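Asker: First the structure, which I've put down as structure tokens, then a few questions once you've had a look.
The values are calculated or read from the model by the stated rules, or taken from the named source; none is laboratory data. Computed from a predicted structure; not experimentally measured. Ideal geometry is used to build each Cβ from the backbone, glycine not excepted, and the neighbour counts take in all protein chains shown.
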Amino acid sequence: MAPDQIVVPQRIDQRPLMRRLAGPVGTAVVAVGACSYLAVVNPNETGHYPVCPSRALLGIDCPGCGGMRGMYCLMHGDVAGALNHNLLLLAIIPIVLALWTLWLVRAIRGVYPPVTAGQDRVRNRLLIGGLVVMLAFGVIRNFVPYLGSGV
């Protein structure tokens, strides 16, 4: 199959606008609610949030450990504190916002563009690359002593 051949043709979503917006708007409402709760309830105080399973079972930090404390710091204007808790958080937030915006725009328009085989391969490589970065970050943060966490 040539790279420019279409794998998934353009799709027109025939559902009403309100139905198309349910997913992205519902996700935004849940995210704003969770961030509002997080802004009020400090994750640095014990007893308010569950313990990370990898921290509790294995004694190591997962790539997401410190994300909640970092988000709390960001919502209170402490960028240095957020970087201290989870360096990967500041890279992930803009990516998540961009992907959510793309989802919202496509839901409003109701048109999903065609996907070529080349675009499909790029998406797969980006996904695998992101997973490799997260895995490497998890390993590095647990075995480099000056990062302040780990075994």
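Asker: What are the residue pairs meeting all of these: first residue in region 81-105, first residue under 14 Å from Gly66 (Cβ atoms) and in contact (Cβ under 8 Å) with a residue 40 or more places away in the chain, second residue β-branched (Val, Ile, Thr) and part of a helix (DSSP H, G or I), Cβ atoms under 8 Å, and 6 or more apart or on different chains?
Answerer: Note: pairs meeting the criteria are Leu88/Val133.
Asker: Hey, among the residues in region 47-80 that are free of Cβ contacts under 8 Å to residues at least 40 places away in the same chain and among the charged types (D, E, K, R), which one's farthest from Tyr37 (Cα to Cα)?
Answerer: Going through the qualifying residues, I end up with Arg55.
Asker: Restricting attention to region 75-124, which residues are under 27 Å from Arg20 (Cα atoms) and among the small types (Gly, Ala, Ser)?
Answerer: Passing the criteria: Ala98, Ala107, Gly110, Ala117.
Asker: If you check Val25, Val29, which single one turns out to be of a type outside the set (Gly, Ala, Ser) and farther than 30 Å from Thr116 by Cα?
Answerer: Every option except Val29 fails the conditions.
Asker: Show the residue pairs that are 6+ apart or on different chains and have beta-carbon atoms under 6 Å apart, the first residue being within region 3-24 and at pLDDT below 95, the second being hydroxyl-bearing (Ser, Thr, Tyr).
Answerer: Asp4/Thr116; Ile6/Thr116; Arg11/Tyr112
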